[in-house]
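Notes for the one structure printed next.
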Amino acid sequence: MCPARRHSAELLAVLIIALAFSAHAQSTASLAGDDQARCKAGDRGSCVRSETARCDAGEAKACVDLSGRYFGGLAVSRDQKRGEQLYERAFHLADSTCTTGDLSGFALAGIAYGIGRGVPLDLERAKTLEERACAGGTADGCFLLGYASLLGVLGIVRDPIRVAQFIESTFAGGP
């Protein structure tokens, strides 16, 4: 099995968890805001409602979070097809914001290219997008570069010192 494919499932799982803990964008409606607050308190049903409202409003990260719920059956019935649809929506939203210079869009688009979900697998493009996101101060891009350095994927040589630097940058919000 190709090393990139072998680590794709692991990378996707870690990315979904990491994205779930990253900062949420402002709510598009007060009801979604209430659900978002209840979600942070652990109410999974509220998480689904909040993520659905924000994804419908065009927030790529919310679509990624929601797709992870469908892939894993977290507070919703497991549905791979729905998870794929939501992930593709997230990629298209992220890719369009990436072209306008939104660094969070770079990070999300980099994930898609890095695992080949919704787009052809392109490790060099994934690496370039994540490097640009991290250099611009996006924690998700730094985290992904750290993880890639840990596993030796995306064309990055395994390097524990770089892992530590990228993870430190993640917590600092970028380099």
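The values are calculated or read from the model by the stated rules, or taken from the named source; none is laboratory data. The structure presented is a predicted model; accordingly, all values stated were derived computationally and were not measured. FYI the Cβ positions are ideal-geometry reconstructions off the backbone, even for glycines, and counts take in every protein chain you see. The accessibility values were calculated without ligands, DNA or RNA, using every heavy atom of the protein model including side chains. Shrake-Rupley method; radii C 1.70, N 1.55, O 1.52, S 1.80 Å.
Hey, among the residues in region 137-169 that are outside any loop (DSSP other than H, G, I, E, B), open to solvent by 20 Å² or more (accessible area, probe 1.4 Å) and aliphatic (A, V, I, L, M), which one's modelled with the lowest pLDDT?
So, considering only residues that are outside any loop (DSSP other than H, G, I, E, B), open to solvent by 20 Å² or more (accessible area, probe 1.4 Å) and aliphatic (A, V, I, L, M), the one modelled with the lowest pLDDT is 167.
Out of 97, 52, I need the residue that is touching a residue at least 12 places away in the same chain (Cβ under 8 Å) and either within 19 Å of residue 129 (Cα to Cα) or among the charged types (D, E, K, R) (or both). Which one? I'd like the intermediate steps shown before the answer.
On the way: 52 fails: either within 19 Å of residue 129 (Cα to Cα) or among the charged types (D, E, K, R) (or both).
Exactly one of 97, 52 is touching a residue at least 12 places away in the same chain (Cβ under 8 Å) and either within 19 Å of residue 129 (Cα to Cα) or among the charged types (D, E, K, R) (or both), namely 97.
State all residues of region 38-96 that are among the acidic types (Asp, Glu), under 15 Å from the mean Cα position of the chain (by Cα) and either surrounded by fewer than 19 Cβ atoms within 10 Å (Cβ to Cβ) or under 15 Å from residue 119 (Cβ atoms) (or both); if no residue qualifies, say none. Before you say what the answer is, go through the steps one by one.
Filtering region 38-96 down to residues among the acidic types (Asp, Glu) leaves 43, 51, 56, 59, 65, 79, 84, 88, 95.
Filter once more, so that each one left must be under 15 Å from the mean Cα position of the chain (by Cα): 51, 59, 65, 84, 88, 95.
Result: 84, 88, 95.
Report yes if some residue within region 104-123 is open to solvent by 40 Å² or more (accessible area, probe 1.4 Å), within 21 Å of residue 169 (Cβ to Cβ) and either at pLDDT below 85 or in contact with a Lys or Arg (Cβ under 9 Å, 6 or more places away or on another chain) (or both); otherwise report no.
Yes - at least one qualifying residue is present in region 104-123.
Would you check if there is a residue in region 93-100 being part of a helix (DSSP H, G or I) and at pLDDT 85 or above?
Scanning region 93-100 turns up at least one residue that is part of a helix (DSSP H, G or I) and at pLDDT 85 or above.
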